[in-house]
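Peer 1: So that we are looking at the same thing, I have put the structure below in structure tokens.
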Amino acid sequence: MSWIEQYRAMARYNRWMNDKIFDVVGKLDDAERKRDRGAFFRSIHGTLNHILLADRTWMGRFTGDVARFTSRDASGKAVEITSLAQELYADFADLTRERAGTDADILAWIHQIDERALSSDLSFKMRNGAVVTYPLWGLVGHFFNHQTHHRGQVTTLLTQMGIDPGVTDLFAMLRDEASAS
């Protein structure tokens with residue numbers, strides 16, 4: 001199996017898990033979603049916002065199309081990112097819609113790149129202004145690992161609330177895909 005096939009599976013897993021998590025979290029009231037539960041990004045809502053913010057930051061770097069992956073408020077104005085803990089969307093319906101759109105963008109992008117692109121380096125500017133260069137394959141690996149890490153925090157918070165988020169294993173998605181085909 002190639003890196004690209006692995007990353008395509010991870011992009012499908014990202015969408016599969018986000019669909020599951022947003023379905024479960026959507027059944028909570030707004031106060032429960034936003035309750036400070038002592039997580040790194042305080043709440044379930046805060047953690048889901050962080051994942052979206054980071055995904056859009058990375059997608060802007062990966063594609064070079066920062067404008068396309070800039071979050072916008074209800075009036076269409078670009079949201080200036082000042083913190084990785086920043087709330088992009090206070091309304092859960094807006095967050096859900098934006099998450100689904102970004103997941104579609106991730107899937108489309110990962111199907112456009114090839115092994116040659118993955119073996120190249122990517123240079124970008126960090127939030128502190130430093131320019132860094134890393135191999136793209138490693139950054140894409142980080143991208144998917146970061147999503148999984150923070151979704152794991154959300155599933156822990158749900159479990160602590162007595163809510164079963166269901167099976168979250170990659171192999172369960174692969175099993176579902178095999179059953180569907």
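Peer 1: Whole-Hz ³J(HN,Hα) for each residue in the stretch 167-181, computed from phi via Karplus 6.51 cos²θ - 1.76 cosθ + 1.60 with θ = phi - 60°, x for glycine and proline: what do you get?
Peer 2: Calculated HN-Hα couplings, in order: 5, 10, 6, 3, 5, 5, 5, 4, 5, 4, 5, 5, 5, 6, 9 Hz.
Peer 1: Please go through the stretch 73-137 and write out the chymotrypsin sites (Phe, Trp or Tyr not before Pro) that DSSP classes as loop and that have at most 15 other C-beta atoms within 10 Å.
Peer 2: none
Peer 1: Computed FRET efficiency, Cβ-Cβ of Phe40 and Ala108, R0 35 Å: what is it to the nearest 0.05?
Peer 2: Approximately 0.75, to the nearest 0.05.
Peer 1: Expressed in nm to one decimal, what extension gain is obtained for the pair Asp176 and Arg97 from 0.36 nm per residue of sequence separation less their Cα-Cα distance?
Peer 2: Here the segment from Asp176 to Arg97 would lengthen by 26.1 nm.
Peer 1: Another question, then. Between Met161, Met17, Met126, where does the largest GNM mean-square fluctuation fall for the chain, given springs only between Cα atoms within less than 10 Å?
Peer 2: Ranking Met161, Met17, Met126 by mean-square fluctuation puts Met126 first.
Peer 1: So for Leu122, Leu52, what's the accessible-area order with a 1.4 Å probe, most first?
Peer 2: Descending accessible area places them as Leu122, Leu52.
Peer 1: Using the Karplus equation 6.51 cos²θ - 1.76 cosθ + 1.60 (θ = phi - 60°), what ³J(HN,Hα) coupling, rounded to whole Hz, does each residue of the stretch 44-49 give in order, writing x for Gly and Pro?
Peer 2: Per-residue couplings from phi come out as 4, 4, x, 5, 5, 5 Hz.
Peer 1: Nearest 500 deg cm²/dmol is fine: what mean residue ellipticity at 222 nm does the chain get from its DSSP H runs of n ≥ 4 alone, each adding -39,500 (n - 2.57), divided by its residue count?
Peer 2: Per the formula, -19500 deg cm²/dmol.
Peer 1: Looking at the square roots a ≥ b ≥ c of the eigenvalues of the Cα gyration tensor of the stretch 71-177, which shape do they give, rounded for a/c under 1.5, prolate if a/b is larger than b/c, or oblate?
Peer 2: It comes out oblate by the Cα gyration axes.
Peer 1: Between Asp36, Asp105, Asp65, which gets the highest mean-square fluctuation from a Gaussian network model of the chain, Cα cutoff 10 Å?
Peer 2: Greatest mean-square fluctuation among the candidates belongs to Asp65.
Peer 1: Then there's this: Sort Asp164, Asp176, Asp55, Asp121 by accessible area with a 1.4 Å probe, largest first.
Peer 2: Details: Asp164 125, Asp176 70, Asp55 0, Asp121 105 Å².
I get Asp164, Asp121, Asp176, Asp55, largest accessible area first.
Peer 1: Give, rounded to the nearest 20 debye, the magnitude of the charge dipole that the stretch 81-156 has about its Cα centre when Lys and Arg contribute +1 at Cβ and Asp and Glu contribute -1 at Cβ.
Peer 2: Roughly 220 debye for the stretch 81-156.
Peer 1: Consider the candidate values [x] 153; [y] 101; [z] 126; state which one is volume of the Cα convex hull per residue in Å³ computed from the structure displayed.
Peer 2: Matching the structure shown: [z].
Peer 1: Another question, then. Can you tell me the length gained on complete extension of the stretch Thr63 to Asp30, counting 0.36 nm per residue apart and subtracting the Cα distance?
Peer 2: So the chain would gain 8.5 nm between Thr63 and Asp30.
Peer 1: Can you give the accessible area of Lys20, probe radius 1.4 Å, in Å² rounded to 10?
Peer 2: 60 Å²
Peer 1: Over the chain, give the accessible area per residue in Å² for a 1.4 Å probe, as an integer.
Peer 2: Roughly 52 Å² per residue, with all protein chains present.
Peer 1: Let me ask another. Express in whole angstrom the spacing between the alpha-carbon centres of the stretch 55-103 and the stretch 123-156.
Peer 2: 16 Å
Peer 1: What residue among Thr156, Ala31, Val132 has its Cα farthest toward the positive end of the dipole of the chain, where the charges are +1 on Lys, Arg and -1 on Asp, Glu, each on the Cβ?
Peer 2: Val132
Peer 1: Also: Only Cα pairs within less than 10 Å get springs; with that Gaussian network setup on the chain, which residue of Ala54, Ala74, Ala100 has the largest fluctuation?
Peer 2: Ala74
The values are calculated or read from the model by the stated rules, or taken from the named source; none is laboratory data. Since the model is a prediction, treat every value here as computed from it, not as a measurement. Here the Cβ is made from the backbone with ideal geometry for all residues, glycine too, and neighbour counts use every protein chain on show. Surface accessibility is based on the protein's heavy atoms, side chains included, excluding ligands, DNA and RNA. Shrake-Rupley method; radii C 1.70, N 1.55, O 1.52, S 1.80 Å.
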